[in-house]
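To start, the structure itself, in structure tokens.
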Amino acid sequence: MSHDVKVITAIACDDVRQEVTGKQILIGVYGPEIWVSHFPAHFVLHVVPIGTFQASPELRMRLRLSGNLRAPVSIESKFQGLKDTKMAPLPPFRAPIVVDGPGVIQLESQEGEAWKVVQEWSVASGTPAAHNEQQPRTS
């Protein structure tokens, strides 16, 4: 069975806004690590999947949380009626995340009956600068 949809990667950020021209504005884009000032914490994560697709009846994606992370609601999204494209951002979706300690967020895309990890973010407390100062220096 061939799959018409392939999610290649995703961008996580604090907010996604749409201009009147249809362009998306991504605010507070995260790299591979999401930093919170302290535990416990909570935030709303916006995820913008990027992929290639041909007119597909349905695409299912979900966020999986591990470690000390939880979500008060189900964080699975279903996209329907996608138009053909070579590569483009899909409609963003958002998920409330509750953080009690360090953990990992994985974005998964369903391909056939299996779920495939598309992107992963680790969640830690503090700041990148403070974390880098704690790392031993090598000469």
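Bear in mind these aren't lab numbers, they're just calculated from the coordinates by the rules spelled out. Treat the numbers as computed from the prediction; the structure is a model and nothing was measured. Every residue, glycine among them, receives a Cβ derived from its backbone with ideal geometry; neighbour counts consider all protein chains shown.
Summary of values
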| item | result |
| --- | --- |
| Trypsin sites (Lys or Arg not before Pro) restricted to region 83-120 and DSSP loop, no more than 15 other C-beta within 10 Å | 83 |
| Residue 24 paired with residue 120, simple spin-label distance in nm, labels 7 Å along Cα-to-beta-carbon | 2.3 |
| Pairwise centroid distance, computed over Cα atoms, of region 4-41 with region 103-121, Å | 16 |
| Residues of type lysines that residue 86 reaches as a straight line, Cα spacing below 17 Å, ignoring anything fewer than 8 places off in the same chain | 6 |
